[in-house]
Every structure is written in C-alpha cells, then in structure tokens.
1. Grab the helices (runs of 4 or more DSSP H) fully contained in segment 12-108, keeping just those with 1 or more residues being among the β-branched types (Val, Ile, Thr).
2. I'd like to check something: does segment 34-49 contain any residue that is of a type in the set (Val, Ile, Thr), without any contact (Cβ under 8 Å) to a residue 12 or more places away in the chain and at negative phi?
3. If the requirement is being of a type in the set (Asp, Glu) and within 25 Å of residue 74 (Cα to Cα), which of these qualifies: 114, 99?
4. Condition first: exposed (fewer than 10 other Cβ atoms within 10 Å of the Cβ) and in a loop (DSSP other than H, G, I, E, B). Now tell me which residues in segment 113-134 satisfy that.
5. Check whether at least one residue in segment 43-61 is more than 23 Å from residue 12 (Cβ to Cβ), of a type outside the set (Asp, Glu), in contact with a helix residue (DSSP H, G or I) (Cβ under 6 Å, 6 or more places away or on another chain) and open to solvent by 70 Å² or more (accessible area, probe 1.4 Å), and report yes or no.
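The values are calculated or read from the model by the stated rules, or taken from the named source; none is laboratory data. Everything numeric here is computed off the predicted structure, so don't read it as measured data. Note that each Cβ is placed from the backbone with ideal geometry, even for glycine, and that neighbours are counted across all protein chains shown. Areas reflect the complete protein model, heavy atoms only, side chains present, ligands, DNA and RNA absent. Shrake-Rupley method; radii C 1.70, N 1.55, O 1.52, S 1.80 Å.
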Amino acid sequence: MRIDIPGGKDPIAYVWGEMVPGIGAAAANFSLAVYAHTTLGLREFEAARLRIAQINGCAFCLDWRTERDGTKVEEGFADAVRAWRTTAAFDERTRLAAEYAERYALDHHGLDEEFWARMTAHYSQVEIVELSMSIGSWLAFGRLNHVLGLDTVCVLPSGATPAGGGGGSP
C-alpha cells in the first residue's frame, strides 16, 4: 500500500472518507450510482466493467461480480471478456461494450465514425452516455485504488479478500 493507514482504520474508509471527505464522498456516491441506477443489461454492464478491471489490474475489481436480482454472469465470463473479439459467448451489444471499454481506456482518440456507426446501431444515445459514465467511473476509481495499493485490502461482500489481499472493506 502506498498510503500510511493508522492502526485499526479501514483503508478504504480512511482514504476515501477521512483523508479527502469532500472529494471521497462525492466519488463514492458517483461510483455507487453507476450500480444503483443503471439501465444497461447485466452482460453489457459486466463486459465493460470487467474489461476496465483487466486493463487497470485492480484486484478487487477483477474479483467482483455485479449481482442483480440474485443473478451474476456465468463462470468463464471474464475469460470471454478477454477474448471479446472472437468469443462466441457474446451478442453484439456485449461485444461492443467490451470493445468500447477497451478503446475508451486505451485509445479514446481512435473512436472513429465506423465505431460510432456500430455503437449507435445497437445502443441508444442515453445508453451510450450511461455506458460512458460507467466506464469513466471504473477507469478512474479502479485505477486510483490499484495505484494506491488499496485494491488488495478491499473485502468482497462474501468476506474474502482479492487475490493476495489482506483485510479492509469496500
């Protein structure tokens, strides 16, 4: 971890809440809103989220699976996200969500007219804005947590820590 955490303090709550309360609370609310108010399908949502997690290398984000009404994506979904170009497991919306996440993170200047023609053929303008804001949230906050070393001290809702983690809570 790159930040000194006082003994007995939860690393995430300390960094996000106590160190920068005016910024951290707003960031946390934005991060939570992406999950609470999404209108995107679970597979599209998770394809974009997991692709950003793979790019960021955030241990917590890689281990996390969004659940809706007791449903999560299937085992092996993360592997399909890695292979988004060729997997048979995705419909066109899911494939586009993974592609958009990757290009948003790695080559946003390369989002050309051909890409936007495909995107607008499968997503409404509202969905594109929502997906863009979601990707921005995951890119920023997953990267922030990874860079500061917080991603290995988050605790999943199951109580498990991400690979190599040790303690804390989201």
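1. Working: elements: 21-36, 42-56, 59-63, 77-82, 92-106.
Hits in segment 12-108: 21-36, 42-56, 77-82, 92-106.
2. Going residue by residue through segment 34-49, those that are of a type in the set (Val, Ile, Thr) are 34, 38-39.
Restricting the remaining residues to those that are without any contact (Cβ under 8 Å) to a residue 12 or more places away in the chain gives none.
Within segment 34-49, not a single residue is of a type in the set (Val, Ile, Thr), without any contact (Cβ under 8 Å) to a residue 12 or more places away in the chain and at negative phi.
3. Details: 114 fails: within 25 Å of residue 74 (Cα to Cα).
On inspection, the qualifying residue turns out to be 99.
4. None; the set is empty.
5. yes
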